[in-house]
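Reading through the structure tokens given below for one structure.
The values are calculated or read from the model by the stated rules, or taken from the named source; none is laboratory data. Computed from a prediction, not measured in an experiment: that's the story for all the values here. FYI the Cβ positions are ideal-geometry reconstructions off the backbone, even for glycines, and counts take in every protein chain you see. Side chains are part of the model used for accessible areas, which takes the heavy atoms of the whole protein and leaves out ligands, DNA and RNA. Shrake-Rupley method; radii C 1.70, N 1.55, O 1.52, S 1.80 Å.
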Amino acid sequence: DGNFLYQNSVPMKIIVEDPMSGIDVIQWSISDDNESGSIRFENGTEPIISGSGVTIDDVQVENLNLVTKVTFSVSIDSNTNSNRIDVTLQDRAGNTSSDHRIVSIDKTDPEINVIQELEGYYNEKQTIDIEIKERNFDTTKPVIITINGEEQAIIFHSKNYTEGSDENVYGASYTFSDVPESEKLNSDIDYSYFIEYSPDSAKLKTIQRL
């Protein structure tokens, strides 16, 4: 959806400018973190800060008492999707300007489960059902499983879905049925499988059965 997705808390640096009238007050809020505050310059160039979690990085002053540019930092911490950050600037003439960003943070590792384990010997083809629990799963991208050293791409479908939930489950099936050409004369075939999934490289999860 064009929003930013991160694995951990996000330090955000915000820059506001008003070179004409100068800055009077900056208001900011982070919706899912339930945090908000303001930075005021009512009397000169010293900032008056309300709220917590904000750091003033730089204040530029012209004509001795006109604050024209402020750089400050906040931290976005909520483990949620579509967390909205709003910033509003009011200059000394009373004019206002606003902007916002949408940030999603997914700190929860995905889970891979094989519904029925295959162990032992069988005289007919067998199927495994695979489930992946993940909030930000992309059903358009295949999951790679390795069967006896050969990679197979499998598309998963949604089994239950709630917007923004870590309990969303996606499923697929794989059937051990095709006999490799080199083993046509041998009725006994040993299978091993290796399943690997990651929405990003930092959240890689694997499961292996021999």
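Could you please find all residues in the stretch 26-44 being of a type in the set (A, V, I, L, M) and either open to solvent by 30 Å² or more (accessible area, probe 1.4 Å) or without any contact (Cβ under 8 Å) to a residue 60 or more places away in the chain (or both)? Break it down into steps so the answer makes sense when it comes.
Quick first cut of the stretch 26-44, residues of a type in the set (A, V, I, L, M) only: 26, 30, 39.
I30, I39, listed by residue number.
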For this session: Provide a single number: the residues in the stretch 13-57 that are among the aromatic types (F, W, Y) and closer than 14 Å to G94 by Cα.
Result: 1
Problem set entry | Set N83, N79, N148, N136: member being within 30 Å of Y174 (Cβ to Cβ) and surrounded by 15 or more Cβ atoms within 10 Å (Cβ to Cβ) | N136
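Kindly state which strands (runs of 3 or more DSSP E) lie completely within the stretch 69-161 and contain at least 2 residues that are farther than 30 Å from G53 by Cα and of a type outside the set (D, E, K, R). It would help to see each step written out before you state the result.
On the way: elements: 83-91, 96-105, 111-114, 126-133, 143-147, 150-154, 157-160.
Filter on the stretch 69-161 gives 111-114, 126-133, 143-147, 150-154, 157-160.
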Seminar exercise, completed: Of the residues in the stretch 62-99 that are over 19 Å from the mean Cα position of the chain (by Cα) and hydroxyl-bearing (S, T, Y), the one that is farthest from D18 (Cα to Cα) is S73
For this session: May I ask you to list pairs of residues, at least six apart or on different chains, whose Cβ atoms are under 8 Å apart, with the first in the stretch 60-88 being within 19 Å of Q27 (Cα to Cα) and the second being hydrophobic (A, V, I, L, M, F, W, C) and loosely packed, with under 14 Cβ neighbours inside 10 Å?
Result: K69/I15; V70/I15; V70/I56; T71/I15; T71/I56; F72/I56
Exercise. Identify, please: which residue in the stretch 86-131 is over 30 Å from S75 (Cβ atoms), surrounded by 16 or more Cβ atoms within 10 Å (Cβ to Cβ) and out of contact with any Lys or Arg (no Cβ under 8 Å at 6 or more places or on another chain) and is, among those, modelled with the lowest pLDDT?
Worked result: I128
Exercise. L5 is checked against (1) under 13 Å from V103 (Cα atoms); (2) outside any strand (DSSP E or B) and fails just one. What number does that condition carry?
Worked result: (2)
For this session: Could you figure out which of (1) surrounded by 13 or more Cβ atoms within 10 Å (Cβ to Cβ); (2) closer than 30 Å to N83 by Cβ; (3) at pLDDT 85 or above isn't true of N160?
Result: (1)
